[in-house]
Amino acid sequence: MSILLLATDQTATISTIDSLFRSTFFELSVTVAVPAGDDLAAWTNGKLKPVARQVSWLRVTSDGELSTSRDWLSTITTPYVMILRGGEQLNQQFIKRAIASHKTEGWDFIAGTVAVKRGNQFVASLWPADTNGRVYDTDAIDQNPEFLADTQLGNKLFSTHFMTRLLASLSPQTLLQMRELSELAYAHADSFDRLDVPALRIPAPTGIRSLGRVWLCEQEFMQRVVGSTAELSTALSEKLTGATYTAWLTRKIGMGLFPFFEVVPRVDAGYWEILQDSVASMAGPTNIQWTLLPIHQRLLLWSMITNNRDDVETISISRSDYSSSFAVNEIAGELLCQPEYLERLQITQSDELLRFSPADHRVVAKLTSFSWRDDGSVDISGYAYVKGLDPALGSSKLSASAVAPDGISEQAIQITAVRDETIDWTANDNWTSYAESGFQFTVQPRELFANLDFADVTRWSLKLVLTVYGQEFTDFTVLRDTVGAGGLVPIGPMVADERLALEHTSAGGLTLVRVKHHLVAKQLRTGNDRNITLDITTTSPELFRLKPVFVAECTRAGKRLRQTLEFDAQGHAVVNLTLPSMPAATRDFDPQLWDLAVRRNDGQLIPIAYAAGTYEIARESDPSARLHFEQTGHGFLKMSETKSLILADSVSLVDSEKALRITGTWSSGASPEPQLVLHSSKGTIRPESMEIVHTSSTSGTFVVSFPLTHDDWSTGTVYKESGAYSLRLVADKDGSVSSNWIGATVTLQQTMPRRIHGQNVEIGVSRTSSTAALVIHMRPALRPDEIGRYNQQQLRAGQNHSSLKANTALFMCFGGKRATDSPRRIFESLHHMEPAPTIRWAVVDGSVPVPDGAIKTVIGSAEWFEALATSELLVNNNNFPFYFRKRKGQTYIQTWHGTPLKRLGNDVARTNFSLSYWNLMWREAGYWDTLLAQNDYAAKTLATCFGFEGRVVKQGYPRNDSLRSPEAALIRERTRQHLGIPHGKKVLLYTPTWRDDKRTNNDYQLVTYLDFARVQELLGDDYVILLRGHHNVSGQRQTAGNNFIIDATEYPEVNDLYLAADILINDYSSVMFDFCVTRKPIIYLTPDIVQYRDSTRGFYFDLESLAPGPLLTTTEEVIEAIVNVESVQDRYKKRYNNFVDMFAPNCDGQATQRTVQELSEFLEFFSKFYKEK
């Protein structure tokens, strides 16, 4: 067999080569094709050098991968070929079965399933059962058009003859890309086979959208993709019948080219004209089956075909704001989709376009809890709804039944509707409430087992049928809420000599299993001497007449213990066994599992059941015992042992919501008493108290209290930041945090997910999906009717017709993460007037301190929406959320938050930010009544980049008054005391900005080029670093774990840090324009300046020629500049003075007074108070 491997990066390509040469059952020839323009020597001598001799090498030609593949194929003599891409992992078992199948059937190609990595897991696609393992002929695609959705190439083994014929059918000038070969193969093959066997693992989704919007906005790339789609369309039109072809074309254009439609608001007229003309030409007047497309794709394609760019932009921007949710209304007896943007569209929409079609049907069904009764029956709760359909208005009804494997025999299960308002909290739907979609039902095993139709049945699948607006929905997957009680699938008690067990998979849903038990342990005992005792009975003594053997086996430790058993006449036997000690190398929290069974004389292993279920075994066992009994999903016994075991069993708010109390059990063979912390990416919360009770020398219970409030900076008590925290063990004496997350007991898991609502904070309690570790969520204190997108939308809509309230103001700063900056100075000026207006300050949560006299208002609360809609004055230094619309009579002052070096607004490449943000900034600038600027340069630049045509106030930045205040020296000393900086130490303030192109999980990364350890090594204890991250990365922390570096990202007032510092280390942050007011040294660390200036963001001026300090590229250069700082100051003195004159001429300590005075000259809100004053 021959394989062509299209190389990506070297690491990914090596991983593929390694997976290929693990094969032992077929001869393999591998050729690696490196990208055009790459140096072959760099590949063969680089990371790939160890495998370079095992493969052949070639370079992709300028004609592209398809032409290269054709050239390679002409040299192949093996009967089978595959084409892979670097990073893909081939399953050898698929190859083995595929080759065996070809020798029997002689197909053109055979395809297997694909598993794509999502998070830490690979999620596999599945073929429908009736399409698996059959050989299809040329008519197969017309009968199974869904086959064309399999667009992967690497999951197919081709006969060399067929692939040669396929590529020869293409012209040398073909525009087709490698990704189209799969569809072409299905259409051209005389016969093919499909196996429901994993053929390929790929590291990430590979569709066009995965390339990112920079690629999507490239006109040349778009033309290549659209051109290849058009060519493929022509080719398939000759092979497919009418209905099959139009169905394929509909999906290919409407879904395949959809990513290009979404970037239309970002591209120029030339791009639009080419895209629109190409799409309209391919679609034609009758080539689209509209009901095959979801509503957003349907309306986008219709707008494309009708040449309506405005509507394409409207739809795309709305989707960026609201995602894909939409309402569905019953109009004249028909269900019609009503997306948020519908009334703003210019095109006329027919009912055919708006019809709620099968492509829009998305059923969400989850099981949220399982609870066993003593009689062996189980109560199951959950919810099921169709996205967009109101279950109350649509008279939603759910039926349930247990279905036998034959798919015919079934038994109805009575189901009860339940109202659950918490469903709306996580539904992520603005327009529809699903609170009426809850359900609860009970499965009675006695009734199920007694049904004569099920005499020989041992497995039943749960079938749910959802009826809404008279439509039945049956083909949907029932998931589990794995972060709550639904993540625990408990075992129920036995009924006579059998039990009902539950199995759940994401693909197959819930299965009810009848489990017959031949061996049952009635009593379980463990001793401190590692002795275990089991009293075993059997209902089938005839099976165990010939001296059976009890077997305990630990695969991990490679140990097996045996004990011969003798059952008495009543079928009773006793096991007494001493387990060996755990291997010394076993890690503290790694479980060692022992499988327990009885081996009959015929060699068959019979597992041992326990009569009780999960709840009973949890109650009867010592939860702190490191050696304890557990059960498998079918109720069979196993032993589990860990060196250390810590479990939390309760969580509560205490001390007037100022502390979080967690109780639990512990046992440890290493350290006698555990020390626990709450840990997140934002930091570590250490306990204010921890009470340890010993039940033995190495085990017991604990009660730990964590403070929820703090006054770390001596600036006032506030709550900890919102976020998800895990309960961790302190691993070492140095206080480092272990990577092991502490788990939750069965009892605690049954209460999850739980929200503990307080007046000032909300605590969420959940578990991790795979390991049931405890997760604590600190959240702002929203009321139940304020949680979730639906409730938030209702609150917004409720303010649509509210009147403005006289003498009221709403202030906001950095998205609610601060209460500082220039808005703070303006607030102080207004607050000291008599009478003062009523001022609310918007904050994200209780961690943000607000100034005295301001009313703290949590964003998302009812008070927030009211203030946003009814306040006469709005003051912000950034922007309000996307849903903000200025009301008539409101005054909006935009202070902005710095003089720009980096390009902003309309001057930034339109690929940099989300459409929602772009549209928001364009709209907000039209709302501003005035804009504050630090200097003339900023006034012109900000107004231009945001398209603001109003009055710009340029009296200097109010926020910088404190830098020239008579109290500056006092503030400096006070701040250094708050930060714990010893007297005499020199302070280096490091202020790295954020990078548009550095993101992890949709959050911007904290990028620091300064090597903290190296700085400490070379500068010693005379210095300390203050790290101040940008507000866009304030959710991350980076410290050296010692007092040399202090993370001051959340310090309330950044200007106080400027005063406390002796030297600024900056990159491209606008901090430089404020810090220069202090006249202290500024050093720049800018190793990525070329990338940042020329690609990532771009500058408004030449920083190299104007910077008031040296631009350096390494930590060592920075250290040298610090050591010789006086020389640096002398060298840059003239440039520093020019810098201050240009960018901070009015930052003289009186900027606030002048600014407010000017505002009072043309803004009624300010003039009113000035006159009264």
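Side notes on the structure shown:
- Normalised by the number of residues in the chain, the average gap of Cα pairs under 8 Å and 6 or more apart makes the relative contact order 6 percent.
- For Asp1102, Asp193, order by how many other beta-carbon atoms lie within 10 Å, fewest first: Asp1102, Asp193
- Each residue of segment 13-21 was assigned a 3J(HN,Hα) from its phi angle through the Karplus expression (A = 6.51, B = -1.76, C = 1.60, θ = phi - 60°), giving 5, 4, 4, 5, 4, 4, 5, 6, 8 Hz with x at Gly and Pro.
- P(r) weight above 28 Å for segment 966-1148, C-alpha pairs, percent: 21 percent
- In order through segment 273-285: 3J(HN,Hα) via Karplus (6.51 cos²θ - 1.76 cosθ + 1.60), integer Hz, x for Gly, Pro: 5, 5, 4, 5, 5, 5, 5, 4, 5, 6, 5, x, x
- Fraction of C-alpha pairs exceeding 19 angstrom in segment 367-429: 48 percent, rounded to a whole number.
- Those trypsin sites (Lys or Arg not before Pro) in segment 376-467 that DSSP places in a loop and that have at most 12 other beta carbons within 10 Å: Arg419
- Pairs over the 19 Å Cα-Cα cut-off, from the set Lys682/Lys985; Lys682/Lys720; Lys886/Lys954: Lys682/Lys985; Lys886/Lys954.
- Counting only Cα atoms, segment 743-814 measures 54, 24, 22 Å along its principal axes, largest extent leading.
- Distance cut-off 18 Å, percentage of C-alpha pairs in segment 487-570 lying past it: 62 percent
- Segment 536-641: C-alpha gyration tensor shape, a/c 1.5 cut-off, then a/b vs b/c: oblate
- Amide H contacts for Ala36 (H built 1.01 Å from N in the peptide plane; partners 5 or more residues away or on another chain; cut-off under 5 Å): Val60.
- Relative contact order, percent, segment 1034-1154 [alpha-carbon distance under 8 Å, six or more residues apart]: 23 percent
- Compactness of segment 798-959 as Cα Rg over 2.2 N^0.38 Å, two decimals: 1.01
- The local environment of Val468, defined by Cβ-Cβ distances under 13 Å, has a net charge of -2 under the rule Lys, Arg +1 and Asp, Glu -1.
- The calculated Kirkwood hydrodynamic radius for segment 211-359 is 15.9 Å, given to one decimal from all distinct C-alpha pairs.
- Rounded to whole Hz, the Karplus (6.51, -1.76, 1.60) HN-Hα couplings of segment 923-938, x for glycine and proline: 6, 5, 4, x, 8, 5, 8, 7, 10, 8, 9, 6, 7, 4, 4, 5
- Segment 149-212: C-alpha gyration tensor shape, a/c 1.5 cut-off, then a/b vs b/c: oblate
- Over the chain: helical MRE at 222 nm, DSSP H runs n ≥ 4 each giving -39500 (n - 2.57), nearest 500: -7000 deg cm²/dmol
- Using all pairs of distinct alpha-carbon atoms, the Kirkwood hydrodynamic radius of segment 1050-1173 works out to 16.7 angstrom.
- Relative contact order of segment 1106-1173, defined on C-alpha pairs under 8 angstrom at six or more residues apart (%): 28 percent
- When you filter the trypsin sites (Lys or Arg not before Pro) in segment 682-784 for DSSP loop state and at most 10 other Cβ atoms inside 10 Å of their Cβ, you are left with Lys733.
- Our analysis of the chain gives Rg over Rh at 0.98, with the two radii drawn from alpha carbon positions and Rh computed by the Kirkwood formula.
- Three-way shape call for segment 2-206 based on the alpha-carbon gyration tensor, with the a/c threshold at 1.5: prolate
- Qualifying GluC sites (Glu not before Pro) in segment 462-568, DSSP loop, other Cβ atoms within 10 Å at most 11: Glu566
- Quotient of the Cα radius of gyration of segment 363-514 and 2.2 N^0.38 Å, N being its number of residues: 1.05.
- The orientation-averaged projection of the convex hull spanning the C-alpha atoms of segment 825-903 amounts to 6.6 square nanometres.
- Exposed-loop-free span, longest in the chain, where chymotrypsin sites (Phe, Trp or Tyr not before Pro) count as exposed if DSSP calls them loop and at most 15 other C-beta atoms lie within 10 Å: 27-882
- Centre separation in Å (Cα based) which lies between segment 332-387 and segment 891-913: 40 Å
Read-outs throughout are calculated quantities, based only on the coordinates presented, and are distinct from any laboratory measurement. Remember, predicted model here, so these are calculated numbers, not experimental data. A quick note on method: Cβ atoms are made from the backbone with ideal geometry, for glycine too, and the neighbour counts reach across all protein chains shown.
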